[in-house]
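The values are calculated or read from the model by the stated rules, or taken from the named source; none is laboratory data. From a predicted model like this one, the values you see are computed outputs, not experimental measurements. Neighbour counts run over all protein chains shown; Cβ positions are idealised from the backbone, glycine included. Each accessible area value is taken on the protein alone, full model and side chains, heavy atoms only, with ligands, DNA and RNA left out. Shrake-Rupley method; radii C 1.70, N 1.55, O 1.52, S 1.80 Å.
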Amino acid sequence: METVILAVVIAVVVLGVLGGLVVGSRRKKSLPPPPPAAPDITAPPAEPHVGDEAETPRDEPRRTIEEVDLPDGSAPPVAEELPPAEIEVPEPTAGRLVRLRGRLSRSQNAFGKGLLALLSREHLDDDTWEEIEDILLTADVGVAPTQELVDGLRERVKVLGTRTPVELRGLLREELLKLVGTEVDRTVKTEPDDRKPGIVMVVGVNGTGKTTTTGKLARVLVADGRTVVLGAADTFRAAAADQLQTWGERVGAYTVRGPEGGDPASVAFDAVKEGKEMGVDVVLIDTAGRLHTKTGLMDELGKVKRVVEKHAPLDEVLLVLDATTGQNGLVQARVFAEVVDITGIVLTKLDGTAKGGIVVAVQRELGVPVKLVGLGEGADDLAPFEPEAFVDALIGD
């Protein structure tokens, strides 16, 4: 019996050994070859988790709880209230152009001196008169006004005979005043007889100083004792509303504005509504000036005008032109004149390299007067246009 049991055990052991050999050989056949050794790449540091330190702690002195100033339970300190922004008092507008005459004459004296030098020649032949025409055309007076001025000068000089410097200056002054015009009403209409407030819309190409001019015009009105509300209806130019609001805050004028890219007409409507409720004298509305699509501009300005006139008719539509653009400014003037009924012109940047003859040319082109001129970057450098002071600055002393 023992022999049988031993034989069975030996048989089981032999079967087990044979089975292991078979399985081992199958595993060896199915295993793929080992992959090539990969390059040694440093893994990026893992992002810290909640509770992890952002970096290795440094050895530095630490305060104990006894050394830390803890609240004693008293009332928290109250922040001091900032004083209200100081309201500026703008420079009076009466005679402002006369006070700024030196700034204008510095850039225009070549015009007047050149004409007077030519007129003082002993013999005024055709070549001399052509030189006079060239000076006038270079100053952007325009072809038709230049011919008119030269014809008038030739006739007056021929009749006068003798030509002293004083006589020549007076002669030239008279002829230039005829071109500029002294009988035109250049008042900015802001005081309608039957209602308040007066409504002024400012239009012009972006880059001509339109928004700045609107802010400076607010200063002109405040200097004359008027109260003003500003409407920031140029919602398409970034920071235009901020710029206008800054100008208003400096003189205490409230600014109505809307979201960037919003409807300009709704801002203009709200500005007039706010002006009526506040009982102010004038509402100034700054508008967008994108000329890349004339049709879009026409629709937009037309809509602003129609919406505003649901309150009351517009008293002024002022076109802002950059005097340094010369004849190119006339192209802009024509486009805006087709869009809205322009009632007055504001010429900016009339100092520096500006050519004073553009005053004559743009008035002839549009049939409306220049009412305001900008003579610099200062806050009070916008002045009511005075023909006599302007011509005196052109021809010098």
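Site pair Glu388 and Ala337 shows an inter-label distance of 2.9 nm when each label is modelled 7 Å from Cα along Cα→Cβ.
Mind giving me the FRET efficiency for Gln327 and Lys196? R0 is 45 Å, r the Cβ-Cβ distance, nearest 0.05 is fine. Calculated transfer efficiency: 0.65. Run the accessible area of segment 216-287 with a 1.4 Å probe and give the carbon-and-sulfur part as a rounded percent. Solvent-exposed carbon and sulfur of segment 216-287 make up 48 percent of the total. When the solvent-accessible area of segment 293-397 is split by element, carbon and sulfur atoms take up 49 percent of it, the probe being 1.4 Å. Using the Cβ-Cβ distance between Glu249 and Asp125 with R0 = 45 Å, the FRET efficiency computed as 1/(1 + (r/R0)^6) comes to roughly 0.15. Taking label positions 7 Å along the Cα-Cβ direction at both Glu133 and Glu155, the computed distance is 1.8 nm, reported to one decimal.
Magnitude of the charge dipole for segment 314-357, about its Cα centre and with charges confined to Cβ atoms of Lys, Arg (+1) and Asp, Glu (-1), is about 260 debye.
The residues of segment 139-211 expose, per residue, 49 Å² of accessible area to a 1.4 Å probe.
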